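What follows draws every value from the coordinates through simple rules; no lab data is involved. Source: prediction; values computed, not measured. In this analysis, Cβ positions are derived from the backbone assuming ideal geometry, glycine residues included, and neighbour counts consider all displayed protein chains.
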Amino acid sequence: MLAVVALTAILGLMAIGPAVAGPSSRPVVLHGKVVAVADGDTVTVLVDRRQVRIRLHSVDCPEKKQPFGQKAKQFTSRLVFGKPVTVKVATTDKYGRTVGEVMFGDRSLNEELIKAGLAWWYRKYAPRAKMLAFFEEEARKARRGLWADPNPTAPWDFRHRAKPLRGNVRSRVFHAPGCAHYRCKSCTAIFKTVKAALRAGYRAHAACVSSPGKSR
């Protein structure tokens, strides 16, 4: 009977998985070689003949169309492409990517990007990462990389702004990203700008489009 209970408990922990099994579970570590670099904060690591897409934990690089987006990718490629790395796995994101810290030798790719001014400390997902906060502040003071711009746009804000406006074909009201009804079933009309929505005969949702007369 005790053996059955023990086996049930083990199977239960296996079902939970390493990311949520609790503080007693062992951290997952992957070893492999970087075989692709998608952008500054996303790489592919070959682990035992299996390609694993890795999203760097706690950092966010500029998007490719932003200033320093390509430089961040080049920086990551120069440091780790074709080289052996160790990945300290933190979790899995909603896109199925493994999220973690990428180590090459005794250096952290996550930290090196922040130090070089080629990534932001991702406060939303790592509010207690004091070392990243320190490295970002140092890069900001030295005006390294993206911090040469006195008012750079954070990548999460850039992604938000890059989304189109959506118009409700029934009510003829259009919504901006962040609106409660942005993805309503009838919101199938897509507009790149406020002016385009207005020209099509739609009116702005008062609660989430603050300046309907201005270009977006």
* Go through region 75-120 and name the chymotrypsin sites (Phe, Trp or Tyr not before Pro) that are in a DSSP coil and have 11 or fewer other Cβ atoms within 10 Å of their Cβ. => Y95
* **Simple spin-label estimate for R107 and T91 in nanometres, 7 Å along Cα-Cβ** => 2.9
* Nearby lysines by direct alpha-carbon distance to K71 (threshold 17 angstrom, same-chain neighbours under 8 apart not counted) -> K115
* Once you sort the root eigenvalues of the Cα gyration tensor of region 163-204 as a ≥ b ≥ c, which label holds: rounded (a/c under 1.5), prolate (a/b larger than b/c) or oblate (the other case)? -> oblate
* So how do M103, M131 line up by other beta-carbon neighbours within 10 Å, fewest first? -> M131, M103
* Structure fact -> Note: V29 to R140 extended length (0.36 nm per residue) minus current alpha-carbon separation gives 36.8 nm
* Asked: Of all trypsin sites (Lys or Arg not before Pro) in region 99-153, which ones are in loop regions per DSSP and have a Cβ with at most 16 other Cβ atoms within 10 Å?
  -> R123, K124, R128, R143, R144
* Structure fact -> For region 43-50, Karplus-derived ³J(HN,Hα) couplings (6.51, -1.76, 1.60; θ = phi - 60°; whole Hz; x for glycine and proline) come out as 10, 10, 10, 7, 10, 6, 6, 10
